1. Check off (1) over 22 Å from residue A:137 (Cα atoms); (2) within 14 Å of chain B (Cβ to nearest Cβ); (3) among the aliphatic types (A, V, I, L, M) for residue A:31 and give me the number that stays unchecked.
2. Looking only at region B:48-60, count how many residues are modelled with pLDDT of 95 or more and within 12 Å of another protein chain (Cβ to nearest Cβ).
3. Among the residues of region B:16-27, is there at least one that is within 12 Å of chain A (Cβ to nearest Cβ), of a type in the set (A, V, I, L, M, F, W, C) and out of contact with any Asp or Glu (no Cβ under 7 Å at 6 or more places or on another chain)?
4. Restricting attention to region A:17-62, report how many residues are loosely packed, with under 13 Cβ neighbours inside 10 Å and touching a residue at least 40 places away in the same chain (Cβ under 8 Å).
5. Can you pull out every residue in region A:113-149 that is among the small types (Gly, Ala, Ser) and exposed (fewer than 14 other Cβ atoms within 10 Å of the Cβ)?
6. What's the number of the only condition in (1) under 23 Å from residue A:85 (Cα atoms); (2) out of contact with any Asp or Glu (no Cβ under 7 Å at 6 or more places or on another chain) that residue B:124 fails to meet?
7. Would you mind stating whether residue A:41 is within 12 Å of another protein chain (Cβ to nearest Cβ) and modelled with pLDDT under 95?
8. Of these, A:95, A:118, A:89, which one is of a type in the set (D, E, K, R), under 15 Å from residue A:59 (Cα atoms) and within 11 Å of chain B (Cβ to nearest Cβ)?
Protein chains: 2
Amino acid sequence: MTKRYFDDLPAGFRFETDAQRLTLDEILDFARQWDPQPFHTDAAAAADSPFGGIIASGFHTMLVGFVLTLKAGVWNAASMGSPGMDAIRWLKPVRPDDELHVVAEVMSSTPSRSKPDRGATVIRYDVLRGDGETVMSYTATHILRRRPA
Amino acid sequence: MTKRYFDDLPAGFRFETDAQRLTLDEILDFARQWDPQPFHTDAAAAADSPFGGIIASGFHTMLVGFVLTLKAGVWNAASMGSPGMDAIRWLKPVRPDDELHVVAEVMSSTPSRSKPDRGATVIRYDVLRGDGETVMSYTATHILRRRPA
């Protein structure tokens, strides 16, 4: 894993993650624990819903995207946590056996005025399905350590 | 569980959930699977981090808040999913044995122009610690079924 600091991730920096397939069992297991709504957990109820079948919890899609992002190892070594996320959009349903990967781009990079050892890096993330459709997007602010002088 | 429709949740409607305590083991289990950053999973590394000890993944706080919200059963019966969330803010760290509950208020309620059977309900959620501090806040848009004519 390359050790990147705040300074190594300017606006415009792009990266992409590996892909991961979501199985029906994973979708059901996640939803039973964290999002037990019938269109995520009950095949018959889901068939009768506007979605026409089981779809993954949007939180599941977000977390699979986040784990893929951590595995890509782009900013992990400098991470000091996150103050928040914005503009989370679930654009398309994710169904069993869909394969997901993430495409990311740094939108802004702002050194802290009060703490010279860190900066705030805003990254836009798009989660894509195997067919190239974007199923989810969001931006996250990451507090990243600056390269030691 | 009271069956509420879109029409029963006007702007200004407020509700509160039960509370749930997060144990160290739950925090570690969640983070190992979904957010394996050292300040969530490794006591020694966390002690050396800006947080001074293990803190819960912000995603964990969000999902515990969401499950408490589902258990409160306010909008579930009418739920047709969500197009997105905004302004997710992690305001204070959540530490082992913190007890969390959610306070929510409907911010806006807009009937769909194209689909007369539903509307969009925007709810602001605050996740509070036992000491009354808000540790996290976010808004979510819920698509809710209208009361049948």
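The values are calculated or read from the model by the stated rules, or taken from the named source; none is laboratory data. Note that this is a predicted model, so its numbers are computed, not measured. Cβ placement follows ideal geometry from the backbone for every residue including glycine, while neighbour counts extend to all protein chains displayed.
1. Of everything listed in (1) over 22 Å from residue A:137 (Cα atoms); (2) within 14 Å of chain B (Cβ to nearest Cβ); (3) among the aliphatic types (A, V, I, L, M), residue A:31 misses just condition (1).
2. Adding up the residues that qualify gives 6.
3. For region B:16-27, residues within 12 Å of chain A (Cβ to nearest Cβ), of a type in the set (A, V, I, L, M, F, W, C) and out of contact with any Asp or Glu (no Cβ under 7 Å at 6 or more places or on another chain): absent.
4. Number of matching residues: 3.
5. Just the residues of region A:113-149 that are among the small types (Gly, Ala, Ser), to begin with: A:114, A:119-120, A:130, A:132, A:137, A:140, A:149.
Scanning region A:113-149 gives A:114, A:130, A:132, A:149.
6. Tallying (1) under 23 Å from residue A:85 (Cα atoms); (2) out of contact with any Asp or Glu (no Cβ under 7 Å at 6 or more places or on another chain), residue B:124 fails exactly one: (2).
7. Numbers: within 12 Å of another protein chain (Cβ to nearest Cβ): yes; modelled with pLDDT under 95: yes.
Considered against the rule, which asks whether it is within 12 Å of another protein chain (Cβ to nearest Cβ) and modelled with pLDDT under 95, residue A:41 comes out as yes.
8. Values: A:95 fails: within 11 Å of chain B (Cβ to nearest Cβ); A:118 fails: under 15 Å from residue A:59 (Cα atoms).
Just one listed residue meets the conditions, A:89.
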